[in-house]
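*Asks:* Have a look at this one before I ask anything.
Derivation of every value follows stated rules applied to the coordinates shown; laboratory data play no part. Predicted model, so just to flag it, every value in this text is computed and none were measured. Because the Cβ atoms are built from the backbone with ideal geometry, glycine has one as well, and the counts that use them run over all protein chains shown.
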């Protein structure tokens, strides 16, 4: 019976030794990973300093660009005001032309109605024809 206990203890000891060997390899790999992580983390402050400096430079350039754009927009504002004034003037001019055209059309319609009522359309046609012939004769 002692022999069986001794054999069992020997098997347990061999299994424990194999377990220790595998754990040692795993712990060695973990140590390598942690060492590389330490190197990477050690580089982070320098990298963050560079990123912070570059970010500051980008923000400074952005602020300068915004100031430049604001100056240029301020320069263009009077031009836009002049364009607006010109647009308003042309709109008013167009409106007055429409009003004048409508009043002339109304006057022409009234003259046509008057000539139709008095039977003068033939007379006006004859007068226009004579005027046309007279102009042609002056051109020669």
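*Asks:* What is the helix-to-structure angle for 2-118, meaning the angle in degrees between its Cα long axis and the longest Cα principal axis of the chain, kept from 0 to 90 and rounded to the nearest 10?
*Replies:* 10
*Asks:* Separate question: So, in nm, how far is label residue 34 from label residue 139 when the simple model puts each one 7 Å beyond its Cα toward the Cβ?
*Replies:* With each label point 7 Å from Cα toward Cβ, the separation is 11.1 nm.
*Asks:* Here is a further query. Using a/c under 1.5 as the rounded threshold, could you call the chain rounded, prolate or oblate? The axes a ≥ b ≥ c are square roots of the C-alpha gyration tensor eigenvalues, and prolate needs a/b larger than b/c, oblate otherwise. Kindly include the intermediate steps, with their values, before the conclusion.
*Replies:* Values: a/c = 7.57, a/b = 3.93, b/c = 1.93.
It comes out prolate by the Cα gyration axes.
*Asks:* Further, regarding this structure: Would you kindly state how much longer the chain becomes between residue 126 and residue 85 on full extension, computed as 0.36 nm times their sequence separation minus their alpha carbon distance, in nm to one decimal? All intermediate terms of the calculation are to be shown ahead of the outcome.
*Replies:* On the way: separation 41, 0.36 × 41 = 14.76 nm, distance 4.91 nm.
Residue separation times 0.36 nm, minus the Cα-Cα distance, leaves 9.9 nm.
*Asks:* Could I have the simple spin-label model distance between residue 9 and residue 23, label points 7 Å from Cα toward Cβ, reported in nm to one decimal?
*Replies:* Calculated label separation equals 2.1 nm.
*Asks:* Follow-up question, since we're still on this one. Can you give the angle from 0 to 90° between the axis of helix 121-139 and the longest principal axis of the chain, with both taken from C-alpha atoms, to the nearest 10?
*Replies:* Orientation of helix 121-139: about 80 degrees from the principal axis.
*Asks:* Under the rule of -39500 (n - 2.57) per DSSP H run of 4 or more residues, summed and divided by the residues of the chain, what mean residue ellipticity at 222 nm is obtained, to the nearest 500 deg cm²/dmol? Walk me through the numbers on the way to the answer.
*Replies:* Details: 2 runs with 136 residues, N = 140.
My calculation for the chain gives -37000 deg cm²/dmol from helical runs alone.
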